[in-house]
1. Given the criterion over 23 Å from E115 (Cα atoms) and within 17 Å of the chain's Cα centre (by Cα), identify the matching residue among L84, L20.
2. Exactly one of (1) closer than 26 Å to C338 by Cα; (2) in contact (Cβ under 8 Å) with a residue 12 or more places away in the chain is unmet by S151. Its number?
3. Limited to the stretch 48-81, what total is found for residues that are under 16 Å from the mean Cα position of the chain (by Cα) and not in a loop (DSSP other than H, G, I, E, B)?
4. For the stretch 304-326, name all the residues that are farther than 29 Å from V224 by Cα and small (G, A, S).
5. Name the residues in the stretch 90-110 that are surrounded by fewer than 24 Cβ atoms within 10 Å (Cβ to Cβ) and either of a type in the set (D, E) or part of a helix (DSSP H, G or I) (or both), would you?
6. I'd like to check something: does the stretch 213-235 contain any residue that is within 18 Å of M197 (Cβ to Cβ), touching a residue at least 24 places away in the same chain (Cβ under 8 Å) and among the aromatic types (F, W, Y)?
7. Can you confirm whether G120 is in contact with a His (Cβ under 8 Å, 6 or more places away or on another chain), small (G, A, S) and either outside any helix (DSSP H, G or I) or within 24 Å of A215 (Cβ to Cβ) (or both)?
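The values are calculated or read from the model by the stated rules, or taken from the named source; none is laboratory data. Only a predicted model underlies this, so the values are computations on that prediction, with no experimental measurement involved. Every residue, glycine as well, gets a Cβ built from its backbone with ideal geometry; the counts of neighbours run over all protein chains shown.
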Amino acid sequence: MNDDATAVARDGLTLVDECLERFFALAARRASTYGRASEDLWRVLKRASTGGKQFRPRMVLTAYTGLGGRDLHAAAHVGAAYELLHTALVVHDDVIDRDWSRRGVPNVAGSYRDEATTGGIPTPVAEHRGTSAAVIAGDLALAGAPRLIESSGVDGERRTRLLDLLDEAVFASAAGEMTDVDLSIGVMPSVDEILAMERAKTSVYSFEAPLQSGAVLAGASDAVVAALGVFGREIGVAYQVVDDILGVFGDEATTGKTAVGDLREGKRTVLVAHAATTEHWAAIEPFLGNRDLTDDQAEHLRFRLLCSGARDVAQERVERHASLATAALAGLPDDLRCQLTAIATELVDRVR
């Protein structure tokens, strides 16, 4: 990314922060008319929405400015909508996964649970309070996302298309999340079934829809919007497989994430789906999903996954989908193609 593009992106992300700040300030004023419980909920939700990498707004702004867009205020509202959608989906996902923390601190559910237990409330009741608050908070963030697009100042067909893209992102993510729930308790899925689930659950709202939204906002042709959708789909799949690999083989000091969590959860990933088709599965299955998995047992699982060829298969999938992603960029403006190629390399290089 050249210096001018970097400066524009930085300015745009600053405006995204300002959009979200205004959104939460208005919500706080509205909440004050409903009492302390509503005010507290919005305060915790705001805290949950801060500190992220703003990856989805970055996709919106990259596509928008790379296609000649200059109204950064409008683009910032669209980017903020996807950031708020991300908050909603993360809050709900933590409830589904029964997680009480994120990035090492209590999440929405954890905050409400911990407050209750500190006040002497029995743990089961406190946990119900926490999950209830998280469901409500996620609903509020979900409802707020289209409001941010409506506040962008865009009207007519472009406004309709932007809302349709956001709606499809929500629809796809819900379908992917439900599939993930089902895959976790049913027959071991295939690698392709895992990839289809990951694409719907995360890739659409994180890559495809934000990139296409930036293009629509910039007035790009249908062909360009479609090409960005293909790029987003393929690089999104590659990104998720990278996460699968790092979730087992990653350096915790580098990734900031535990390398035993996926193993203890028994998470259905490309690695696990492949290993289940090999002779090594008998040595893997008894340990996978053990909440009390020791470090030595985790190392045993990593060794067996390597022997099964699971990591090689996953890495091959990363390279294949990354290649398909960059191939989709042919015909796009040179600067945008270079920026997106750099992003693809950045994402894939996490495991190289």
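1. Only one candidate passes the filter, namely L84.
2. Unmet condition: (1).
3. Total meeting the criteria: 11.
4. Passing the criteria: S308, G309, A310, A314.
5. V90, H92, D93, D94, V95, I96, D97, D99, G110
6. no
7. No, not satisfied.
Residue-wise test of (1) within 28 Å of R233 (Cα to Cα); (2) buried (at least 18 other Cβ atoms within 10 Å of the Cβ); (3) among the aliphatic types (A, V, I, L, M); (4) not assigned by TED's automatic domain parsing to the domain that holds H86.
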position	(1), (2), (3), (4)
D139	yes, no, no, no
R147	yes, no, no, no
L165	yes, yes, yes, yes
M178	yes, no, yes, yes
S184	yes, no, no, yes
L195	yes, yes, yes, yes
